[in-house]
1. Taking a spot 7 Å from the Cα of Ser45 along the direction of its beta carbon, which residues of the stretch 53-73 have an amide N less than 14 Å from it?
2. Considering only the other residues whose Cβ falls under 15 Å of the Cβ of Asn70, what net charge follows from Lys and Arg at +1 and Asp and Glu at -1?
3. With a ≥ b ≥ c the root eigenvalues of the C-alpha gyration tensor of the stretch 59-131, is it rounded (a/c under 1.5), prolate (a/b larger than b/c) or oblate?
4. List the chymotrypsin sites (Phe, Trp or Tyr not before Pro) in the stretch 39-104 that DSSP assigns to loop (not H, G, I, E or B) and whose Cβ has at most 16 other Cβ atoms within 10 Å. Which are they?
5. What does the charge count around Gly85 come to, taking other residues whose C-beta lies under 12 Å from its C-beta (Lys +1, Arg +1, Asp -1, Glu -1)?
Amino acid sequence: MKKLLTAAFALGLSMLASGAHADPVEGRWRTQPDDNGNFGVIEISACGNRFCGVLIESRRSNGEAFQSENQGRQIVWDMEPRGSGQYRNGQIWAPDRDETYRSRMDLAGDRLTVAGCVLFICREQVWTRAD
């Protein structure tokens, strides 16, 4: 019985430790409206030692949910954490323009500035935490 309690305690500690080390960028983020006035919710999570994001909700400019062919699609990938809320060397796909941008993200509280360039064309948005 003592071994079972010790094992349960150790398992509980490891679960707490893994949750305590979650990166602050992980979670749900609401995008700014795109060229069509639509916005989405992106779920950002760890992908190995980097971060990626998947479009999990699509909404019209009035907030009404709609089914987009892009839901479930990876929007962000290969974001490398650099510390101090900085993420670099990633890629972001913009559904409204069907373009993939070399990108970076900067986290400050509940605001995530997402910026990227393709050739000399650059875009920037500020996403807000949706949780």
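1. 53-57, 72-73
2. Neighbour charge sum, excluding Asn70 itself: -4.
3. Verdict is oblate for the stretch 59-131.
4. The qualifying sites are Phe66.
5. Once all neighbours under 12 Å are counted, the net charge is +1.
We did not get these values from a lab; they are worked out from the coordinates using the rules stated. Being a predicted model, the structure only gives us computed values, none of them experimental. Every residue, glycine among them, receives a Cβ derived from its backbone with ideal geometry; neighbour counts consider all protein chains shown.
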